[in-house]
1. Check every one of the strands (runs of 3 or more DSSP E) wholly within region 239-356 and list those with 2 or more residues that are over 23 Å from the mean Cα position of the chain (by Cα) and surrounded by fewer than 21 Cβ atoms within 10 Å (Cβ to Cβ).
2. Please identify the pairs in which a residue from region 74-86 that is surrounded by 19 or more Cβ atoms within 10 Å (Cβ to Cβ) has its Cβ atom under 7 Å from the Cβ atom of a residue that is polar (S, T, N, Q) and not in a strand (DSSP E or B), counting only partners at least 6 apart or on another chain.
3. Restricting attention to region 370-382, report how many residues are within 18 Å of the chain's Cα centre (by Cα) and surrounded by fewer than 24 Cβ atoms within 10 Å (Cβ to Cβ).
4. Working only within region 24-38, note down all residues that are assigned to a helix (DSSP H, G or I), farther than 10 Å from residue 1 by Cα and of a type in the set (A, V, I, L, M, F, W, C).
5. Any residue at all in region 450-459 that is in contact with a helix residue (DSSP H, G or I) (Cβ under 8 Å, 6 or more places away or on another chain) and either modelled with pLDDT under 95 or within 19 Å of residue 305 (Cα to Cα) (or both)?
6. Within region 69-92, which residues are assigned to a strand (DSSP E or B) and either among the hydroxyl-bearing types (Ser, Thr, Tyr) or touching a helix residue (DSSP H, G or I) at 6+ places or on another chain (Cβ under 8 Å) (or both)?
7. Only one residue in 313, 296 is out of contact with any Phe, Trp or Tyr (no Cβ under 8 Å at 6 or more places or on another chain), under 29 Å from residue 264 (Cα atoms) and acidic (Asp, Glu). Which one?
8. Could you tell me which of the residues 373, 334, 386 is touching a Leu at 6+ places or on another chain (Cβ under 8 Å) and more than 28 Å from residue 258 (Cβ to Cβ)?
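The values are calculated or read from the model by the stated rules, or taken from the named source; none is laboratory data. These numbers were taken from a predicted model, which means no experiment stands behind them. Cβ: placed from backbone, ideal geometry, glycine included. Neighbour counts: every protein chain shown.
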Amino acid sequence: MNILLASAELAPLAKAGGMADVAAYLPEEWQKSGHKAIVILPKYYDIDIHSYGFRPTHLVLNVPMGDWTEHGSLWQGTIPGTDVPVYLIENDDYFTRHGIYGDPKEFEDNDKRFIFFCRAIFEAAKALNFKPDIIHAHDYHTAFTMPMLRSWYKNDPFFADTAGVYTIHNLAYQGWFKPEKAMEYSSFGMEEFYAGSWFEHRGTVNAMKIGIMFADKITTVSPTYAGEIRTSYFSEGMQDVLNQRGSDLIGILNGVDYDTWNPEKDDFLYSKYSPDYIQGKLENKRKFLEGHGLNESDNLDLPLVGIVSRLTEQKGIDILMHKLEAFIAENKIRFVLLGNGDTMYEDYFRYLRWKYPGRALVHLGYNTELSHRIIACSDFFLLPSRFEPCGLTQMYALKYGTIPIVRRTGGLADTVREYRSDAQTGNGFDFINYNANDMAYAINRALGIYNKAPHWDQIRLNAMSEDYSAARSAAEYLKVFAWALEEK
């Protein structure tokens, strides 16, 4: 099978969230299974093409846009550490600027940028003579590949047998575009935009709806989220659209690259460890705290609760703000955070760092090495998300014997099971209702077994024994691809 994966993100080249990790591990696993996979990504200004070994192909792309033609060129490299080909589409007008989407506000021309990218994907495949069986598009940025495949390229022999699979990573980010511009850029024209059409949603062009309606099959990143988004609370206004395509909507749990996220192999750690050498986890905790200027007089054994997250309302930071300070003030926990996001949340964590030096260890921003160390050295990992399509950090935490405390939603519900002391089963702690009191009760249940035999050793062993490997996830996608091709 020839698989073309189209994404706006790809780790480590261009990463804003978990989609970048998924886009990186899936094609590597497909290649291991004997399939041919390539990735196509915009050539963003911030990609260090020289460090990653990219080189120009000298192929020029003529990309139809409305009633004119844009031009692009291709650079070639691989996903670092693999032999999976990656092709970067270069266009100075669209991609030679800092950032992927625009920060803190999205670029005003994201409609034009990503519609160009979608059309250029087809022209790149032809220029490379890579005839795809599957075009696998991710989130709204590549959604227009789905109608383009069905419309402009359905009569092109090169794509006659190609199926389109569309993956929803986060339904909250839908790509709302002005109709007059988006319909012109995409060449579909305003005659295709009318109330109830597949291009129209609440009076605008909605790229997410377009991807859903035109794809042969739709996937999302966990089984629970696939069910949740068909209900009004989680659907972000797309309930009717998703239920219309319900028979073609499949939830596939994201996986973990255990070559990268594994305490037995992780070079970022102070000390590698395993279920057979769990004391190595304690060594990481102590060295991490000592690196923050703490010593034995500061009670290094205090439970360490970690968060590595974007600081947004989705992640449950608002309910966390109602209870976290009390846990720290009462000396029940020490807290460590790595993340950035909304200013009001960043300011709150700055306040905690100021008021509780040595007990609130706050790092604003993102740092790969630090993320590994926090997940390894923490005793508990907190994810009180309002909604969570999948989440990867809780799966990382499990592998590192760091016990998740989560809200039971989306992929968190699919990966974290409440620990039962009577049967000594389960791998974490959860709460159902999205409120601060229920979250605090879950935290207290978790603290209740900290360092208590036999439960503390058992829950960490349960956690580290879980298998949420990338290979399992990739195999499920292959089943969906085969299903899509059978129905062509």
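1. In region 239-356, no matching strands (runs of 3 or more DSSP E) lie anywhere.
2. Filtered contacts from region 74-86: 84/31.
3. 2
4. 24, 26
5. So far as region 450-459 goes, yes, one or more of its residues are in contact with a helix residue (DSSP H, G or I) (Cβ under 8 Å, 6 or more places away or on another chain) and either modelled with pLDDT under 95 or within 19 Å of residue 305 (Cα to Cα) (or both).
6. 69, 70, 72, 73, 74, 78, 87, 89
7. The unique qualifying residue is 296.
8. 334
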